[in-house]
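A short worksheet on the structure shown next.
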Amino acid sequence: MHFADFHRRSIAEPESFWAEQARLIDWHKPFEKVCDYSRPPFVHWFVGGQTNLCHNAVDRHLKTQPDANALIWVSTEVDKEIVYSFRDLHAEVQRMAAILLELGVGQGDRVLIYMPMIAEACFAMLACARIGAIHSVVFGGFASHSLASRIDNARPKVIVSADAGSRGGKSVPYKGLLDEAIQLAQHKPAKVLMVDRGLAAFTPVAGRDEAYAALRAKHMDAQVPCTWVDSTHPSYTLYTSGTTGVPKGVQRDTGGYAVALASSMKHVFLGNAGEAYFSTSDIGWVVGHSYIIYGPLIAGMATIMYEGLPIRPDAGIWWHLVEKYKVTSMFSAPTAVRVLKKQDPAFLKKHDLSSLRALFLAGEPLDEPTAQWIAEGLGRPIIDNYWQTETGWPILALCNGIESQPSKFGSPGKAVYGYDVRLVNENSGEEVTAPGEKGVVMVQGPLPPGCMQTVWGDDERFVKTYWTKAGDRWLYSTFDWGVRDADGYYFILGRTDDVINVAGHRLGTREIEESISSHPNIAEVAVVGVADQLKGQVAMAFAIPKDATGLDDPAARLKLEGDIMKVVDGQLGAVARPARVLFVTALPKTRSGKLLRRALQAVAEGRDPGDLTTIEDPSALQQVKDLVAAK
Ligand code: PRX
């Protein structure tokens, strides 16, 4: 079939198109209506249908391949490897589900998961789905303040956590940060379920903390049937950054998500039941949700969950796993490839990679040298794809499962079926159609199945943040610039808002600014993303100290910079730590007091800041120029 026809049908006849895709999953009760778009921009998919994500990811494979590999947990941190068949996974998930039920979790209750990359995190996610609870996984790299704001927003009944993670052989404690976060939060969870890996000592809070091992032993033979939920029942929320400081809880449904994942596994990620999938992301990010846990398992594939660095014990570890488990599809991020690129390229050639159909890369722009290096090194196709936490699965990709199409360097491909992608001129609001013309990447509603339903608890914010009404059409903004060429391939040119992308991690500069401002000696600060060879972007902070006495001494400046980084580490987590904090006496602003962010970013990157007619005090930008030149 031609992809163009497939795509055209998905937009012109969404009802029949998606009804067909919906056959890829099991339904307990068939849906009555494929798409309810009667209250745009909100959309409900597969209305009246009942299903369960965990059933589709685990139980339904028991009939056909109970002994096939389901979850392959590999940790090069603690030197362990455990392979769970679908039967094993089914048993573990039921034990976890029984524990959650015992702790009082019911349908619709939230369970916050703050865990390292261990199998129990996967059990916890699936167990929530099994009993109709809504999970909210918080990335382990986030610290107490980030965690506290998510606890307050999600209001979880139970938090599942662990004593520690491990990175580069060093234990990274979780429990202390969690206790601190619960203290900071207004909302208090009834129970905390602790997985004790024996990596960091901790004192359980009496009456609140429960030991996973003890409860698991009690529920060894647990049988917890799947709770059938409406297709529109929220399966999870996942927090992501935007322009304002408060992270948004992206809320996902159940039926639409399951269908979108099943469909994308087949048409984009080329996966089949009985094969193995390896995504190197973390469960704390959307890629981990869609393509470590749910997507591969729904497709009946084994999924590798890897705790460790890509270069330890050596830079061949990933390829060793590909060979050992005959991985057919692999998913990673350009940053990870750039890390490998610094190592001996011989590692790419050491292992038998003949099972691998393709390496999929997403999360940040894929630069040509990186793409070329890995394509040549592996001798396997590299497939860029572009999407967001909000969409849950690719917006732009090459759907080679439908029709094989050539890649173009620098392009994540064409609009994926289900997405009616438009480029819109930011100022006029008019659609741009000429090849090569720049516009904001937008998707005409309804968004296809699998995308966000709303912002958790805040429908108004969902509409205000993402949607623009153009006549009787609604357009969803990705907040990315893009261009399209004559063949329908898109090229992404960066964010239109204050979101930056550090090593594939999406961060809001406003959150980092708020954290830095909490340092007692900081009057004002601006954080911008600056291009970086390895990480794509890094955060650079320009701060005005309240009291600059003594700061002409480089040692004093370094000390203050270090103190500020500690504040960010402690509040948000090392993932948000700026690469540098540089001190200035003024920030570039317009006469009306608006920060000239783009000018600041341009100068910080050594570029021409462009039109500066509105700047109040040009010397503010000169200071930045001098600092950057002196670096
Ligand atoms: O700016 C785009 C960039 O990452 C953003 C979404 O990040 P996140 O919500 O963490 O979801 C990542 C899911 C893979 C986008 O708005 N981005 C993502 N993929 C690409 C990309 N930029 C360029 N090329 C990509 N392939």
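The values are calculated or read from the model by the stated rules, or taken from the named source; none is laboratory data. Owing to the predicted nature of the structure, the values given are computational and were not obtained by experimental measurement. Here the Cβ is made from the backbone with ideal geometry for all residues, glycine too, and neighbour counts use every protein chain on show. The area values use the complete protein model at the heavy-atom level, side chains included, leaving out ligands, DNA and RNA. Shrake-Rupley method; radii C 1.70, N 1.55, O 1.52, S 1.80 Å.
Count, please, the residues in the stretch 416-445 that happen to be within 15 Å of the ligand (Cβ to nearest atom), open to solvent by less than 10 Å² (accessible area, probe 1.4 Å) and not β-branched (Val, Ile, Thr).
Of the residues in that region, 3 qualify.
Consider Thr303 carefully, then state whether it is more than 16 Å from the ligand (Cβ to nearest atom) and either in contact (Cβ under 8 Å) with a residue 12 or more places away in the chain or part of a loop (DSSP other than H, G, I, E, B) (or both).
In short, yes.
Could you please find all residues in the stretch 376-412 being more than 9 Å from the ligand (Cβ to nearest atom) and assigned to a strand (DSSP E or B)?
Of everything in the stretch 376-412, those that are more than 9 Å from the ligand (Cβ to nearest atom) and assigned to a strand (DSSP E or B) turn out to be Ile382, Ile383.
Select from the stretch 472-512 the residues that are modelled with pLDDT of 95 or more and basic (Lys, Arg) and list them in ascending order.
Arg473, Arg484
Out of the residues in the stretch 575-610 that are assigned to a helix (DSSP H, G or I) and without any contact (Cβ under 8 Å) to a residue 60 or more places away in the chain, state the one that is nearest to the chain's Cα centre (by Cα).
Only one residue fits best here, namely Arg598.
Tell me the helices (runs of 4 or more DSSP H) entirely within the stretch 1-100 that contain at least 3 residues that are more than 30 Å from Ala217 (Cα to Cα).
Per the criteria, 3-12, 14-21.
Keeping to the stretch 356-375, report how many residues are touching a helix residue (DSSP H, G or I) at 6+ places or on another chain (Cβ under 7 Å), open to solvent by less than 20 Å² (accessible area, probe 1.4 Å) and more than 9 Å from the ligand (Cβ to nearest atom).
Summing the residues that are touching a helix residue (DSSP H, G or I) at 6+ places or on another chain (Cβ under 7 Å), open to solvent by less than 20 Å² (accessible area, probe 1.4 Å) and more than 9 Å from the ligand (Cβ to nearest atom) in the stretch 356-375 gives 4.
Looking at (1) out of contact with any Leu (no Cβ under 8 Å at 6 or more places or on another chain); (2) farther than 26 Å from Val603 by Cα; (3) open to solvent by 20 Å² or more (accessible area, probe 1.4 Å), can you tell me which one Thr496 breaks?
(2)
May I ask you to say which residue of Gly256, Gly198, Gly207 is under 21 Å from Ile131 (Cβ atoms) and more than 16 Å from the ligand (Cβ to nearest atom)?
Among Gly256, Gly198, Gly207, only Gly256 is under 21 Å from Ile131 (Cβ atoms) and more than 16 Å from the ligand (Cβ to nearest atom).
Does the stretch 558-569 hold any residues that are touching a helix residue (DSSP H, G or I) at 6+ places or on another chain (Cβ under 7 Å) and either free of Cβ contacts under 8 Å to residues at least 24 places away in the same chain or surrounded by fewer than 23 Cβ atoms within 10 Å (Cβ to Cβ) (or both), and which are they?
So the first thing to find is which residues in the stretch 558-569 are touching a helix residue (DSSP H, G or I) at 6+ places or on another chain (Cβ under 7 Å), and the list is 564, 567-568.
Matches in the stretch 558-569: Val567 only.
Which condition does Thr613 not pass, out of (1) open to solvent by 80 Å² or more (accessible area, probe 1.4 Å); (2) modelled with pLDDT of 95 or more; (3) not acidic (Asp, Glu); (4) not in a helix (DSSP H, G or I), if it passes all the others?
Here Thr613 meets the rest and fails (2).
Can you name the number of the only condition in (1) within 16 Å of the ligand (Cβ to nearest atom); (2) surrounded by fewer than 22 Cβ atoms within 10 Å (Cβ to Cβ) that Leu353 fails?
(1)
For the stretch 527-557, enumerate the residues that are over 33 Å from the mean Cα position of the chain (by Cα) and surrounded by fewer than 14 Cβ atoms within 10 Å (Cβ to Cβ).
Across the stretch 527-557, the qualifying residues are Lys546, Asp547, Thr549, Gly550, Asp552, Asp553, Pro554, Ala555.
Among the listed residues Thr335, Thr280, which satisfies the condition of being of a type in the set (S, T, N, Q), in contact (Cβ under 8 Å) with a residue 12 or more places away in the chain, closer than 26 Å to Thr237 by Cβ and open to solvent by 30 Å² or more (accessible area, probe 1.4 Å)?
When all the criteria are applied, what remains is Thr280.
Could you please find all residues in the stretch 525-547 being at pLDDT below 95 and under 14 Å from Gln623 (Cβ atoms)?
none
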